[in-house]
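Single-structure report; data block below.
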Amino acid sequence: MVETSKIVGTNIDYAIIIIYLLGILCFGMFFSKYTKSTKEFFLAGQRFAWWLIAFSAVASLVGSYSFIKYSEATYKYGLSATQAYLDDWWWMPIWMFGWIPFIYYSRVISIPEYFGKRFNQPTRALATLLLLLYMLFYIGMNLYTLGVALHALLGWNVILASLIVATIVTIYVTAGGQTSVIMTDLLQGIILIIAGLAVFILGTIYLQDSGGLWSNLPQTHKFGMANFNKPADFNFVGIFWQDAICNSAAFWFMNQGILMRFMSAKSIKESRKAILFAVLILMPISALAVAGGGLVGRAIVATGTGAIPASVSPKDIFIIVTDLVTKPGIFGLIMAGLVSALMSTADTLINAVSAVFVNDIYRPYFVKKAEDKHYLKAARISSVGAAFIGISLVPLFMTFKTIYAAHATFTAAITPPLVSAILMGCLWKRYTTKAAFWTLLGGIIMMIISFIHPGVISPFAHGSEPGGTYFHAYTYMRALYGLVTSISIGVLVTLFTTPKPASELIGLVWGTEKEAAKKYKEQVKL
């Protein structure tokens with residue numbers, strides 16, 4: 001739980017932050033005039049260039065938790081905390097030449113819709129439920145971090161602060177849909193990278209008279225990789241399975257908001273350019289931007305000057321370092337960059353939840369045939385509902401010791417079954433409909449068992465300690481347990497069931513891209 005006392009900043013800084021919030025609101029609302037249909041609300045009319053998509057996608061990746069989470073982690077553990085930002089590259093070939101063509105050519109709007117075409121409606125319904133849980137929890141996670149940051153700045157109650165900014169985000173998302181999300185995230189992506197790098201550079205300059213940044217860091221903070229399996233709440237093998245394998249696959253393959261972002265590009269070529277630029281250039285830069293404050297904070301503490309006491313809360317380190325190395329006004333501008341990160345993931349997810357709700361629940365089960373204006377109204381109402389549910393989840397995340405642990409716990413719990421089903425579905429023609437359904441259902445059952453009896457994770461834990469009980473046990477290794485059990489279920493059921501005919505898999509599975517492209521072009525001509 002977080003205390004409620006204001007600790008940093010001046011009135012000038014607070015004024016800048018408030019002006020920025022109002023400015024983003026007006027900027028986002030401006031683009032509502034471009035949103036007259038559900039296609040524009042969800043896919044922004046598919047008219048954007050690669051560079052714009054790349055910046056806005058990275059802004060969604062560098063979410064509200066990123067500056068707080070990674071500065072906290074680098075303060076405690078060092079450079080190894082940036083590992084999660086640098087391990088997405090090996091998913092690129094599958095995404096570029098498999099996943100995005102499948103989605104684009106099959107003309108689906110949502111990931112559950114892909115499950116419906118690749119498998120059947122019951123599997124689509126189950127995937128819808130799991131994906132909504134994932135995204136709603138993600139919104140709650142982001143809004144919680146919003147509250148932590150604004151509490152440190154203004155002394156506001158965490159839930160109240162989350163509610164205020166969630167309201168601003170919801171207003172412009174509800175009005176402008178994906179166009180507002182992309183355009184505001186473009187601006188916010190540029191601001192947050194500049195802000196993060198500015199803190200690191202100013203902090204490095206601040207430390208010059210005390211021997212410099214590098215010389216003041218503990219030796220353990222200079223390693224690029226964490227210790228193999230210790231401590232329980234931060235180790236290399238856990239980060240590898242949870243971040244590099246599970247979370248990276250989840251971000252690029254099952255994050256509905258990211259899918260919609262790249263589907264808003266002019267063409268598949270533009271989408272491919274966007275991911276290359278994002279993964280190979282923007283993400284390494286972003287890693288330094290979000291984690292630099294924690295390194296600077298640890299080095300300042302090590303100088304022994306007392307400028308930052310050793311008793312400082314790691315959750316507040318980014319804000320405290322920024323306040324120390326900047327001047328009034330500049331501090332406010334950099335905090336506006338933090339607020340940019342706070343908003344850029346929340347808006348993406350709110351829009352994504354709306355897309356899944358309308359496309360996979362409301363339209364197929366409640367109102368099957370109506371004018372597009374009706375579905376557009378439903379999309380806007382569901383955006384408000386998504387934000388409200390996210391706010392209601394904030395108290396849950398407040399129970400965790402660190403933001404890093406909270407994020408790791410919920411992603412490791414939900415993503416393995418979905419990631420397993422998506423990857424086997426798009427890469428393995430033999431993978432059957434029944435196998436996909438049981439991968440999802442069986443995988444979730446196995447994850448629930450792991451929360452009730454965490455000891456089942458022990459054989460997969462590579463010697464790491466539980467570090468807690470129930471939800472708090474095996475923070476990272478639950479991801480490997482989930483992947484192994486989900487994939488095993490999928491493979492076993494596939495071996496004893498019949499796959500779909502090859503003719504029904506065109507454009508939905510690896511090796512059918514050319515046929516899908518030809519079919520797509522013929523349909524476009526018609």
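Checking residue 249 against (1) hydrophobic (A, V, I, L, M, F, W, C); (2) without any contact (Cβ under 8 Å) to a residue 60 or more places away in the chain; (3) under 20 Å from residue 278 (Cα atoms), which test does it fail?
(2)
Among (1) of a type outside the set (Ser, Thr, Tyr); (2) buried (at least 22 other Cβ atoms within 10 Å of the Cβ); (3) modelled with pLDDT of 90 or more; (4) not in a helix (DSSP H, G or I), which single condition is residue 299 missing?
That leaves (4) as the condition not met.
Within the bounds of the range 347-361, is there any residue that is over 22 Å from the mean Cα position of the chain (by Cα) and surrounded by fewer than 17 Cβ atoms within 10 Å (Cβ to Cβ)? Talk me through it step by step, then tell me what you get.
Step one: list which residues in the range 347-361 are over 22 Å from the mean Cα position of the chain (by Cα), which gives 361.
Those left that are additionally surrounded by fewer than 17 Cβ atoms within 10 Å (Cβ to Cβ): none.
Checked the range 347-361: no residue is over 22 Å from the mean Cα position of the chain (by Cα) and surrounded by fewer than 17 Cβ atoms within 10 Å (Cβ to Cβ).
Farther than 22 Å from residue 186 by Cβ, under 16 Å from the mean Cα position of the chain (by Cα) and not in a helix (DSSP H, G or I) - does that describe any residue in the range 84-92?
Yes, the range 84-92 contains at least one residue that is farther than 22 Å from residue 186 by Cβ, under 16 Å from the mean Cα position of the chain (by Cα) and not in a helix (DSSP H, G or I).
Determine which member of the set 455, 507, 482 is surrounded by 21 or more Cβ atoms within 10 Å (Cβ to Cβ), assigned to a helix (DSSP H, G or I) and not acidic (Asp, Glu).
The unique qualifying residue is 482.
Checking residue 281 against (1) hydrophobic (A, V, I, L, M, F, W, C); (2) buried (at least 17 other Cβ atoms within 10 Å of the Cβ); (3) free of Cβ contacts under 8 Å to residues at least 12 places away in the same chain: exactly one of these is not met. Which one?
(2)
Going residue by residue through the range 146-157, is there one that turns out to be over 17 Å from the mean Cα position of the chain (by Cα), within 30 Å of residue 423 (Cβ to Cβ), surrounded by fewer than 21 Cβ atoms within 10 Å (Cβ to Cβ) and of a type in the set (S, T, N, Q)?
No, the range 146-157 contains no residue that is over 17 Å from the mean Cα position of the chain (by Cα), within 30 Å of residue 423 (Cβ to Cβ), surrounded by fewer than 21 Cβ atoms within 10 Å (Cβ to Cβ) and of a type in the set (S, T, N, Q).
Restricting attention to the range 248-296, and to residues there that are at pLDDT below 90 and among the hydroxyl-bearing types (Ser, Thr, Tyr), which single residue is nearest to the chain's Cα centre (by Cα)?
The residue in question is 248.
Looking at 159, 182, 171, 191, can you tell me which residue is assigned to a helix (DSSP H, G or I) and in contact with a strand residue (DSSP E or B) (Cβ under 9 Å, 6 or more places away or on another chain)?
Numbers: 159 fails: in contact with a strand residue (DSSP E or B) (Cβ under 9 Å, 6 or more places away or on another chain); 171 fails: in contact with a strand residue (DSSP E or B) (Cβ under 9 Å, 6 or more places away or on another chain); 191 fails: in contact with a strand residue (DSSP E or B) (Cβ under 9 Å, 6 or more places away or on another chain).
Just a single option satisfies the conditions, and that option is 182.
So, of the residues in the range 232-283 that are among the hydroxyl-bearing types (Ser, Thr, Tyr) and in contact with a strand residue (DSSP E or B) (Cβ under 8 Å, 6 or more places away or on another chain), which turns out to be nearest to residue 90 (Cα to Cα)? Talk me through it step by step, then tell me what you get.
Residues of the range 232-283 that are among the hydroxyl-bearing types (Ser, Thr, Tyr), as a first pass: 248, 264, 267, 271.
This time we only want the ones that are in contact with a strand residue (DSSP E or B) (Cβ under 8 Å, 6 or more places away or on another chain), so: 264, 271.
On the way: 264: 24, 271: 17 Å.
Only one residue tops the list, namely 271.
Here are some residues: 343, 335. Which one is closer than 28 Å to residue 222 by Cα, within 21 Å of the chain's Cα centre (by Cα) and either modelled with pLDDT under 90 or not basic (Lys, Arg) (or both)?
It is 335.
The values are calculated or read from the model by the stated rules, or taken from the named source; none is laboratory data. Here the structure is a predicted model, which means the values were calculated and not measured. When we count neighbours, we look across all protein chains shown, and the Cβ atoms used for this are built from the backbone with ideal geometry, even at glycine.
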